[in-house]
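Presented below is the structure to which this report refers.
The values are calculated or read from the model by the stated rules, or taken from the named source; none is laboratory data. Keep in mind that this is a model prediction, so the values were computed, not measured. FYI the Cβ positions are ideal-geometry reconstructions off the backbone, even for glycines, and counts take in every protein chain you see. Note: areas computed on protein heavy atoms with side chains; ligands, DNA, RNA excluded. Shrake-Rupley method; radii C 1.70, N 1.55, O 1.52, S 1.80 Å.
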Amino acid sequence: MLVIGLMSGTSYDAVDAAAAGLRLDGDTLLLRPLGMVSSPYDAGLRAALAGALPPAAVPLAEVCRLDTGIGRAFAAAAVRADRELCGGRAELVASHGQTVYHWAEGGRVHGTLQLGQPAWIAEATGLPVVADFRARDVAAGGQGAPLVSLVDLLWLRGRPGRAVALNIGGIANLTAPDGTAFDTGPGCALLDAAVREFSGGRQAYDADGALAGRGRPERRLLDRLLAEPYYALPPPKTTGKEVFHAGYLRSAGLFDGIRPEDALATLALLTARTVADAVRSVGAGEVIASGGGIRNPVLAGMLREELAPVPVRASDELGLPGAAKEAYAFAVLGFLTAHGLPGTDPRSTGARRASVLGSLTPGRDGFRLPRAGARGPVRLVVEGAGGGP
């Protein structure tokens, strides 16, 4: 089956569309990567989305406009991926949507909201769409995240040592071989928020860590930030920009006379330190890393220093490009849903049971329900990948 996975993460800068050939061979799921295209949000939509995220109060009319605008952006990315990566032969689209709110209180998740109406994708492509993946796991008592954990567990199963999968996007998360998975805290979310604040909105992020690289961490500020109670909570746990936003930084005194370069160096070290603490807590023998944060050389260097001697390897070395890994993961989750198979591991999300995820929007030819009796895979193999130790 040719599946397009659509993803826009907590950095909300673009829609990533990855295409994969997926097939079950006994208890093994084979994934053939076909590539990724990335379509940036237009400036108006990105500004509207930024203005709607917590802690902003937003009227329902704006939520409706965003749901439509994001849906159309996802639809355009899917059409492009089908044309450029699949030769017009894609069979299914799996859309994560854009997370705008993750309702976590008292160690539980009570709800989660992803915008990007899938009807726009189905109408533009003619293909069936699986979307709204997280809500079913939340309804089953889970955190609704990190949903890529099942894919990580299948992918890294049998790897020598204790390989831990790490993704650093706006929020960072990890998956350990025993199924333990959780958000470690901010990835690039606070770095991006600080850059926007210091630049008056002219810059969205610290390109190549240039500013952080010229600064020195401010230790007292770092200590204040490390006192955040979230870090001490036991897993499973999830968080988001509901907690880690510009207002959070203002409350911590980040903008009180500190040089921007030093503030960003402090925030980079905060991410590296909290990720490293989390990785050590699950006894990692190696780290397989992906996400935009790994492409920030200052943050990546600090992380390697904090984790030494535990090696940090890019997921690209094992056949899954780091920039596209989450989009490929949602292609896998969509494939599982289309075959009536669970897309979660309760050890990772804390749910009562594994659930078949998502809601289905039929394509022009409807949607064929899967045959009864299909069995879930126990491992995932990326075709054409090396990945030796």
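The 3J(HN,Hα) values that the Karplus relation (6.51, -1.76, 1.60; θ = phi - 60°) gives for the range 101-114 are, in residue order, 7, 10, 7, 10, 9, x, x, 10, 9, 9, x, 8, 10, 10 Hz. Gly and Pro appear as x.
Mind sorting out which of (i) 23.5, 79; (ii) 21.3, 72; (iii) 19.9, 64 is the real Rg and Dmax of the Cα atoms in Å computed from the coordinates? Computed from the coordinates, Rg and Dmax of the Cα atoms in Å corresponds to (iii). Projecting label points 7 angstrom from Cα along Cα→Cβ for S281 and R379 puts them 3.1 nm apart. The label-point distance for R259 and E317, in a model that sets each label 7 Å from Cα toward Cβ, rounds to 3.4 nm.
Going 7 Å from the Cα of Q203 toward and past its Cβ, which residues in the range 240-261 have a backbone nitrogen under 14 Å from where you end up? Counting only backbone N, you get 259-261. Ranking of R220, R295, R280 by solvent-accessible surface, largest first: R220, R295, R280 (1.4 Å probe, protein heavy atoms only, all chains present).
Computed with every protein chain present, the accessible area of D316 is close to 90 Å² [probe 1.4 Å].
Solvent-accessible area of the range 170-266 (1.4 angstrom probe, protein heavy atoms only): carbon and sulfur portion equals 51 percent. Please give the residues of the range 84-109, grouped as numeric ranges, whose backbone N is less than 17 Å from a label point set 7 Å along the Cα-to-Cβ vector of F367. Residues passing the 17 Å test: 91-97.
For R379, the residues whose amide H sits under 5 Å from its own are L29, ignoring neighbours fewer than 5 places away on the same chain, with H placed 1.01 Å from N.
For the range 351-369 versus the range 282-300, the inter-centroid distance based on Cα atoms is 33 Å. Between the alpha-carbon centres of the range 116-177 and the range 23-95 there is a gap of 14 Å. Here the convex hull built on the C-alpha positions of the range 91-209 has a volume of 173 cubic angstrom per residue.
Compared with the alpha-carbon gap, the fully stretched path from S359 to L113 is longer by 87.2 nm at 0.36 nm per residue. A probe of 1.4 angstrom, applied to the heavy atoms of all protein chains, finds W155 with accessible area near 30 square angstrom. When the chain is modelled as a GNM with alpha-carbon springs shorter than 10 Å, which of A119, A308, A284 fluctuates the most? Among A119, A308, A284, the largest GNM mean-square fluctuation belongs to A308.
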